[in-house]
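Structure, as structure tokens:
The values are calculated or read from the model by the stated rules, or taken from the named source; none is laboratory data. Predicted, not measured: the structure shown is a model, and the values here were computed from it. Please note: Cβ atoms are built from the backbone with ideal geometry, for glycine as well, and neighbour counts cover all protein chains shown. With ligands, DNA and RNA removed, areas are computed over all heavy atoms of the protein, side chains included. Shrake-Rupley method; radii C 1.70, N 1.55, O 1.52, S 1.80 Å.
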Amino acid sequence: MRSYEEAFSPYWHPVAFAHELKERPLAARLLGRELVVWRTGAGVAVTQRYCAHRGADLCAGEVSGEGLRCAFHGWTYGRDGRCVRIPSQPGAPIPPSAALASFHATERYGLVWVCLAPEPAAPLPEWPELEDGSCATVPLPRLDWDVSAGRMVEIVLDVAHLSWVHEGTFGNPEQQEVLPYEVERLPQGLRAQIVYPALAPPMGAAPPKVDKTTLTYEVSFPFAARLHFKPTLFFKHTVYAVASPWSEEKMQCFYFASYHPNLRMFPDIFVKSELAILEQDRLVGEGQRPKAHPVDFSGEAHVRADRLNLEYRRGVIAIRTGRPIDAPTPG
Ligand code: FES
């Protein structure tokens with residue numbers, strides 16, 4: 001079994017919404033590492049957060065034309081992490097130790113993504129509808145939850161909890177049975193379509209029932225999920241959740257929703273409605289034990305309705321062990 005950090009470092013994880021990154025460098029955390037995120041004309045850069053000279057916090061520094069300048073003695077680092085200027089001794093050779101660890105970084109879907117390993121093990125999720133102008137999106141505030149990334153994804157993928165945890169928002173307490181469904185394995189993830197008569201989002205005091213909503217769940221390993229609702233009462237609707245692991249027991253989730261562009265003047269409705277739903281999930285997720293996402297199937301009981309969760313867990317276990325996904329799913 002590989003360590004948590006070793007297993008998930010070769011994947012892309014978001015560390016910030018792109019709109020959060022302005023002129024100032026931004027602090028971030030991923031898999032136990034403290035990072036600083038900054039942007040130059042050449043694009044986004046991510047390095048270790050603390051200066052190679054005397055450990056000053058580079059988030060207090062400034063981005064100049066040359067790179068990121070430390071506020072303590074003015075050492076300046078390029079995008080590759082190497083020091084390019086030491087003002088106290090101009091013209092002298094720069095020692096090789098004057099360098100920051102630097103990481104792969106890119107911007108896509110309104111997020112800043114980072115891969116900590118020398119080579120990414122998988123591409124970013126493919127969400128073309130976010131780039132072809134067919135929908136508008138609205139991000140939620142970052143969800144800073146005391147929940148492991150794997151547990152968070154399992155909550156998003158869990159169909160049976162909708163009627164219990166989300167009563168009063170979009171869950172339908174009259175529909176407790178989960179009808180049989182198939183789980184399809186994709187090159188980098190999973191997909192399942194499940195019919196569930198959800199309720200419309202809580203825009204009124206008594207939301208009407210919607211017959212036969214089809215929920216399409218798609219997972220991109222390890223921690224990204226897309227959930228498409230078709231139809232809800234008024235519009236097609238998709239939510240995206242990407243859990244970014246701070247440690248084995250804690251994550252931040254980058255969560256956003258897409259909707260028909262004609263509704264782009266109503267983002268507050270979506271934010272309010274999604275936050276109400278997610279708060280219900282947070283209360284459950286932060287209470288789960290063990291906090292770490294289990295890396296086997298013992299210690300918890302499983303039933304057929306959990307199938308999507310189980311397939312997801314099999315994939316995560318494969319990443320942790322470095323072995324292919326081939327074991328049969330219990331339950
Ligand atoms: Fe950063 Fe000295 S601590 S330049």
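Of note:
- Cα gyration tensor shape of the range 81-188, rounded if a/c is under 1.5, else prolate or oblate by comparing a/b with b/c: prolate
- Considering all different alpha carbon pairs of the chain, the Kirkwood hydrodynamic radius works out to 21.4 Å.
- Between S134, S64, S88, the residue with the greatest mean-square fluctuation in the GNM of the chain (Cα pairs under 10 Å linked by springs) is S88.
- Kirkwood-Stokes translational diffusion coefficient of the range 1-84, alpha-carbon pairs, 4 °C, 1.567 mPa s, µm²/s: 97
- Solvent exposure of the chain, expressed per residue, is 46 Å² of accessible area, with all protein chains present and a 1.4 angstrom probe.
- Within a Gaussian network of the chain (alpha carbon springs, distance under 10 Å), most fluctuating of R82, R191, R289: R289
- Percentage relative contact order, the range 4-115, counting C-alpha pairs under 8 Å, at least six apart: 27
- Projecting the Cα atoms of F270, N309, C135 onto the charge dipole of the range 128-321 (Cβ charges, centred on the Cα centre) puts C135 farthest toward the positive pole.
- Under a model in which nothing but the beta-carbon of Lys, Arg (+1) and Asp, Glu (-1) is charged, the chain shows a dipole of about 660 debye around its Cα centre.
- Counting 0.36 nm for each residue step from V84 to T214 and taking away their Cα separation leaves a gain of 41.3 nm.
- Long-range HN-HN contacts of A45 with modeled amide H, under 5 Å: W38, R39, T40
- Amide H contacts for G189 (H built 1.01 Å from N in the peptide plane; partners 5 or more residues away or on another chain; cut-off under 5 Å): F221.
- Rg/Rg_ref, the range 128-321, where Rg_ref = 2.2 N^0.38 Å and atoms are Cα: 0.99
- Long-range lysine pairs (8 or more apart or interchain), the range 128-321, Cα under 20 Å: 7
- Accessible surface of the chain, 1.4 Å probe, proportion on carbon and sulfur as whole %: 53
- Under 15 Å of direct C-alpha separation, and excluding same-chain neighbours fewer than eight residues apart, K22 reaches these aspartates and glutamates: E62, E107.
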